[in-house]
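A.B. asks: Take this structure first; my questions come after.
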Amino acid sequence: MRNKSVAAAVVVVVVVVILVLVLHHQQTVQRSTTSVRLSAPGGPTSTASGASTAPTPAASKVSGVFTGETVAMQYGPVQVAIDVQGGKIIDVKAVQYPVDRPRSQFINAQAVPLLRSEVLKAQSANIDLISGATFTSNAFATSLQAAIGQEQKKAAAH
Amino acid sequence: MGLRQHRLEHVMGMPIGVDVCDPDIGAKTVDRVYRWLRFVDATFSTYCEDSEISRLNRGELAVEQTHPAVRSVLRRCERLRMQTDGYFDIRAPHHSARRVVVEAGPARPIDPSGLVKGWSVAGAALILDRAGARNYCINAGGDARLRGRSWNGESWRVGIQHPRIRDRLAAVLVASDVGIATSGAYERGEHIVDPHTGRPSQGVLSVTVVGPDVATADAYATAAYAMGPRGAQWCAGLKDYAAMVILSEGAVLSTPAMSRYRV
């Protein structure tokens, strides 16, 4: 299960890498040519095809560096590694990216950090303050902030 | 736990909250913070007819005649404009739902509020620092400076407002000793425009930037928002600043440095 969820995470990461490269090229990538095989430390190997949306491994407590198999892209091979600590991705690196092209055509993945992508979720949580776009005469923000202040005042009094 | 001051006042057309968790910091220090914020509002507001910025825009005042703080802010805005490929631009045309005001030439009015909000928070933090405060939070309508611990002895927990569901959060960050700024088009009638096209930025709902200085974070968030979806990758190249970008289609892109703040 754990390896599967990490595998899913690597798939997401690979998809992100591909998207980043695509954005930089302004050209399309043959998705059918991408396929990822993951070898997680001490576990069985699982295969997944690219371009799928998969959940992040937030629930698992896996740690270690996981390297995805080299992905053949239109412009050359791409390979990424993720560093997972306690089920959380803390770093993403491209260990291999196309180098046989003029440098300007490709992002140097070592120099340009990769973005992590996730699905927007709505949540409620215990917080001290809110950061949002400027609230101009936004009664909601005022009352929410005031409510937080009240709640903390109460808690501080205990 | 310890004594704590919480105050919330409306300045600059928004609620500004100050929380100080040091028992040795008195109410007078917090009064000074709000006096400073009112000075910034009176000097920089484009809504106030008598502000130096309004008088500059009407040609009644030369830059050389302005308050040193105004000149300092304007110089900084110019440096940020160059640093952001022109995406942070205090001369960007204003956009409202009804009309686009595009005026050519240097006569176009300036609006430095993209920096001033964060800058006013940084100045307020300096007042608290000098008074000896070590644990506080100043939040000006979403631009915040955090230091030390909150009242419960833990790092500050910052909710990033959900861009579509107003009473929900899109993320929670835990941070200390940083500035945080969010740019977006949640509630305002006007939107951040791409200074290069004069049109509202498309494809991005909000940009949150976290880093050492809240004023810089504010300007970076404004610039990245104006860039549209490619702003996320631009943020990834920023030194010392982390960013989280929420795209219109519901994806959240975070720079690697952001993971240290996410919970």
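A.B. asks: Spot the failing condition for B:Arg145; the list is (1) among the basic types (Lys, Arg); (2) more than 9 Å from every other protein chain (Cβ to nearest Cβ); (3) over 14 Å from the mean Cα position of the chain (by Cα), and only one is missed.
C.D. replies: Every listed condition holds for B:Arg145 apart from (3).
A.B. asks: Look at region B:10-43 and say how many of its residues are more than 14 Å from every other protein chain (Cβ to nearest Cβ) and in contact (Cβ under 8 Å) with a residue 60 or more places away in the chain.
C.D. replies: Residues that pass the stated criteria total 8.
A.B. asks: State all residues of region B:237-263 that are of a type in the set (Gly, Ala, Ser) and either within 17 Å of B:Ala181 (Cβ to Cβ) or surrounded by 24 or more Cβ atoms within 10 Å (Cβ to Cβ) (or both); if no residue qualifies, say none.
C.D. replies: Hits for region B:237-263 are B:Ala242, B:Ala243, B:Ser254, B:Ala257.
A.B. asks: Does any residue of region B:142-158 turn out to be in a strand (DSSP E or B) and aromatic (Phe, Trp, Tyr)?
C.D. replies: yes
A.B. asks: Got a number for residues in region B:198-230 being part of a helix (DSSP H, G or I), within 13 Å of chain A (Cβ to nearest Cβ) and either without any contact (Cβ under 8 Å) to a residue 60 or more places away in the chain or under 11 Å from the mean Cα position of the chain (by Cα) (or both)?
C.D. replies: So the count comes out to 9.
A.B. asks: Taking the residues in region B:242-253 that are in contact with a helix residue (DSSP H, G or I) (Cβ under 8 Å, 6 or more places away or on another chain) and more than 15 Å from B:Gln161 (Cα to Cα) as candidates, determine which candidate is nearest to the other protein chains (Cβ to nearest Cβ).
C.D. replies: Residue satisfying both the conditions and the ranking: B:Leu253.
This table checks each residue for (1) surrounded by 13 or more Cβ atoms within 10 Å (Cβ to Cβ); (2) assigned to a loop (DSSP other than H, G, I, E, B).
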site	(1), (2)
B:Pro15	yes, no
B:Asp19	yes, no
B:Asp41	yes, no
B:Glu49	no, yes
B:Leu61	yes, yes
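A.B. asks: Now for a separate question. Cβ contacts < 9 Å: first residue more than 7 Å from chain A (Cβ to nearest Cβ), restricted to region B:149-166; second residue part of a strand (DSSP E or B) and among the small types (Gly, Ala, Ser), any location; separation 6+ or different chain. Result?
C.D. replies: Sorted first by the residue in region B:149-166, then by its partner, the pairs are B:Ser155/B:Ala175; B:Pro163/B:Ala170; B:Pro163/B:Gly184; B:Pro163/B:Ser206; B:Arg164/B:Ala170.
A.B. asks: With respect to B:Asp194, determine if the residue is under 25 Å from A:Ile127 (Cα atoms) and more than 8 Å from chain A (Cβ to nearest Cβ).
C.D. replies: Against the criterion (under 25 Å from A:Ile127 (Cα atoms) and more than 8 Å from chain A (Cβ to nearest Cβ)), B:Asp194 does not qualify.
Coordinate-derived values only; no laboratory data. Computed from a prediction, not measured in an experiment: that's the story for all the values here. FYI the Cβ positions are ideal-geometry reconstructions off the backbone, even for glycines, and counts take in every protein chain you see.
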